[in-house]
Amino acid sequence: MFIGGAWTGAADGRTRDIHNPSTNERIATAADGSARDAEKAIAFARSAFDSGPWPRMRAQERAAFLLKIADLIDTHAAELATTETRNNGKPLREARYDVADAANCFRYYAGLASKPLGQTFEVPDPAMQTMVVREPIGVCGQIIPWNYPLLMAAWKLAPGLAAGNCCILKPAEATPLTAVRLFELIAEAGLPAGAAQLLLGPGPEAGHALAASPLVDKIAFTGGTVTGRAIIAAATGNLKKITLELGGKSPCIVFADADQDIALEFAMFAAFAGQGEVCSAGSRLLVEKKIASRFLPRLAEATAKIAVGDGLDELTEMGPLITPQHMERVLGYIAAGKAEGAELLCGGHRLTEGALARGNFVAPTIFASTRPEMRIIREEIFGPVLSVQLFEDEADAIRIANDTPYGLAGGVFTGDGAKGLRVLRALRAGITWLNSYHPTFNEAPWGGYKQSGWGRELGTWGLDEYLETKQININLAPAKPGWFRSAGQPAASDS
Ligand code: NAD
């Protein structure tokens with residue numbers, strides 16, 4: 001852990017073995033902190049924020065630090081990508097993309113740090129000059145999941161630091177390795193002690209301590225909806241600011257007038273990129289009924305040929321699930337789909353041939369003939385399981401797409417641009433695509449409607465979530481207000 005500008009183990013000496021999900025071999029041993037370590041990090045962050053240089057520094061100087069971090073990530077990109085693949089399992093080509101995106105996120109917020117944030121305006125009182133300034137919120141606890149370990153760290157740290165906050169990052173238990181490396185680079189960039197700290201440990205201990213502490217001003221959380229609720233409950237003591245990026249059950253909608261080849265590959269990409277361990281995954285495929293009998297067999301045939309394997313193999317297209325426990329959870333959903341009577345089009349089992357037997361590999365799976373109440377339609381599986389729903393027309397597609405407690409993302413495929421825009425506007429979701437699925441931009445807001453979260457990350461919206469808003473009123477012509485008669489007598493003359 002990186003606490004108070006120094007590397008340290010857990011206060012009670014506890015450690016955790018870190019595994020490669022392709023082989024389940026131990027690849028590292030990490031510190032495993034507790035509430036005691038969280039309290040130490042919080043105390044450092046508190047004093048760094050209340051009296052340290054970081055929040056008081058010119059925005060241009062903070063930006064220079066962020067640019068240095070971005071450059072260091074680029075310099076070590078190959079090594080970071082390999083570490084990400086070894087720890088998370090995702091194919092190298094995805095890890096390389098994440099690393100480049102993480103560097104660009106630091107660069108984007110370095111640029112934004114010094115851009116105009118305040119405002120002046122005229123108020124009815126001509127003597128009053130009123131202005132609005134933006135200031136950092138304070139100590140920010142940032143709790144992230146295991147599916148994009150480095151990228152999520154960048155999405156949290158870059159805007160938090162750009163705004164002048166003192167940040168404590170808490171990665172997921174299973175995937176601390178690229179975060180540790182990132183903090184080595186942050187230390188090399190020379191950030192003042194306490195501006196950015198790395199806390200490792202179990203969510204219910206180290207994470208909970210951040211959420212519950214009266215000395216933490218904000219929690220930014222990405223993870224599951226159940227954990228999101230626990231964080232809200234823990235954070236009520238001092239009414240922390242909270243942003244939440246939670247789960248999804250997002251629709252990918254294919255109309256009969258779409259280019260079928262383009263829609264087919266995007267449907268696969270939406271569901272199986274990142275092994276389906278992606279919050280915005282298109283895990284429900286909505287297909288217009290009249291093309292289903294042609295579209296679905298082709299989709300199943302292509303999906304069955306996805307190259308599943310060790311992410312370090314350049315030919316691998318889909319990697320293993322993060323842990324044996326998570327694999328069992330996903331296999332449990334597959335069993336539930338079968339038991340509830342859905343039709344299995346492909347996959348539906350663990351992969352154990354040869355070297356795959358050592359890892360947490362599940363065949364990319366598609367279920368058709370589903371009913372709306374099935375668990376595979378309603379619940380986030382967070383694995384390579386795609387559930388198909390058929391629709392009659394535009395109105396039916398919109399109704400089915402929105403029939404979920406989540407509202408993170410959605411994609412529409414059609415050759416009719418006006419229809420596409422109508423459907424996107426009708427989706428109750430924060431991130432949408434027409435004739436595409438998944439591209440994410442540092443410039444654009446990321447977040448969900450309904451139970452997919454609170455607030456937005458990325459873009460100017462993401463910086464906003466790390467800033468307080470202060471109005472300043474300056475009286476340019478001071479005069480007695482004349483409100484109280486007792487204060488109305490002129491002061492006795494000294495003469
Ligand atoms: P998780 O909720 O189990 O864990 C996320 C983080 O929260 C981890 O760091 C964990 O240690 C911590 N945590 C767990 N319990 C805690 C508690 N009581 N108090 C404080 N912190 C606690 O999620 P996960 O299994 O790591 O990730 C999968 C989930 O993340 C999925 O639901 C997925 O949809 C979601 N996700 C959302 C986005 C998004 O941007 N919306 C992005 C990635 C993942």
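Listed residues Phe382, Phe413, Phe441, Phe391; which is surrounded by fewer than 16 Cβ atoms within 10 Å (Cβ to Cβ) and of a type in the set (Phe, Trp, Tyr)?
Going through Phe382, Phe413, Phe441, Phe391 in turn, just one is surrounded by fewer than 16 Cβ atoms within 10 Å (Cβ to Cβ) and of a type in the set (Phe, Trp, Tyr): Phe441.
When residues of the stretch 347-380 are filtered for being within 17 Å of Val308 (Cβ to Cβ), among the hydrophobic types (A, V, I, L, M, F, W, C) and under 30 Å from the mean Cα position of the chain (by Cα), how many remain?
Adding up the residues that qualify gives 6.
Across the stretch 228-243, what is the number of residues that are among the aliphatic types (A, V, I, L, M) and either away from the ligand (no atom under 11 Å from the Cβ) or touching a helix residue (DSSP H, G or I) at 6+ places or on another chain (Cβ under 7 Å) (or both)?
5
So which of Leu210, Leu200, Leu246 ends up being under 13 Å from Gly453 (Cα atoms), buried (at least 24 other Cβ atoms within 10 Å of the Cβ) and within 10 Å of the ligand (Cβ to nearest atom)?
Leu246
Limited to the stretch 421-455, what total is found for residues that are of a type outside the set (S, T, N, Q) and without any contact (Cβ under 8 Å) to a residue 40 or more places away in the chain?
So the count comes out to 13.
Could you tell me which residue of the stretch 218-227 is farthest from Gly453 (Cα to Cα), considering only residues that are more than 6 Å from the ligand (Cβ to nearest atom) and surrounded by 22 or more Cβ atoms within 10 Å (Cβ to Cβ)?
Among those residues, the one meeting the criterion is Lys218.
From Glu288, Glu265, which residue is charged (D, E, K, R) and either surrounded by fewer than 19 Cβ atoms within 10 Å (Cβ to Cβ) or within 15 Å of the ligand (Cβ to nearest atom) (or both)?
Glu265
From Ile400, Ile376, Ile366, Ile381, grab the single residue that is touching a helix residue (DSSP H, G or I) at 6+ places or on another chain (Cβ under 9 Å) and assigned to a helix (DSSP H, G or I).
Result: Ile376 is the single residue among Ile400, Ile376, Ile366, Ile381 that is touching a helix residue (DSSP H, G or I) at 6+ places or on another chain (Cβ under 9 Å) and assigned to a helix (DSSP H, G or I).
Of the residues that sit in the stretch 84-134 and are touching a residue at least 40 places away in the same chain (Cβ under 8 Å) and of a type in the set (Ser, Thr, Tyr), which one is farthest from Thr440 (Cα to Cα)?
Top of the filtered list is Thr130.
State the number of residues belonging to the stretch 148-168 that are surrounded by fewer than 24 Cβ atoms within 10 Å (Cβ to Cβ) and touching a residue at least 60 places away in the same chain (Cβ under 8 Å).
Qualifying residue count for the region: 1.
Going by what's in this entry, would Ala355 be described as farther than 27 Å from Thr432 by Cβ and without any contact (Cβ under 8 Å) to a residue 12 or more places away in the chain?
no
Need pairs with beta-carbon distance below 6 Å; first residue farther than 13 Å from Asn238 by Cβ and in a strand (DSSP E or B) and within the stretch 135-147, second within 10 Å of the ligand (Cβ to nearest atom) and at pLDDT 95 or above; sequence gap 6+ or separate chains.
Gln142/Leu169; Ile143/Lys170; Ile143/Gly207; Ile143/Phe221
Can you say whether Ala158 is more than 8 Å from the ligand (Cβ to nearest atom), within 22 Å of Leu458 (Cβ to Cβ) and within 20 Å of the chain's Cα centre (by Cα), as far as the supplied structure shows?
yes
Step by step: first the residues of the stretch 16-58, then only those that are within 26 Å of the chain's Cα centre (by Cα) and among the β-branched types (Val, Ile, Thr), then the one that is farthest from Met318 (Cα to Cα). Which residue is that?
Ile42
I'd like to verify a number: residues in the stretch 405-443 that are away from the ligand (no atom under 13 Å from the Cβ) and either in contact with a Lys or Arg (Cβ under 7 Å, 6 or more places away or on another chain) or over 21 Å from Glu379 (Cβ atoms) (or both), how many?
Going through the stretch 405-443 one residue at a time, the tally reaches 25.
Determine the pairs where a residue that is touching a residue at least 40 places away in the same chain (Cβ under 8 Å), located within the stretch 194-215, has a partner that is of a type in the set (Val, Ile, Thr) and assigned to a loop (DSSP other than H, G, I, E, B) with Cβ atoms under 7 Å apart, the partner being 6 or more residues away or on another chain.
So the pair list comes out as Leu210/Val216.
Condition first: assigned to a loop (DSSP other than H, G, I, E, B), buried (at least 24 other Cβ atoms within 10 Å of the Cβ) and in contact (Cβ under 8 Å) with a residue 40 or more places away in the chain. Can you find one or more residues in the stretch 176-183 that meet it?
yes
The values are calculated or read from the model by the stated rules, or taken from the named source; none is laboratory data. Since the structure is predicted, the reported quantities are computational estimates derived from the model, not experimental observations. Don't worry about glycine lacking a Cβ; one is built from the backbone with ideal geometry, like all the others, and counts go over all protein chains shown.
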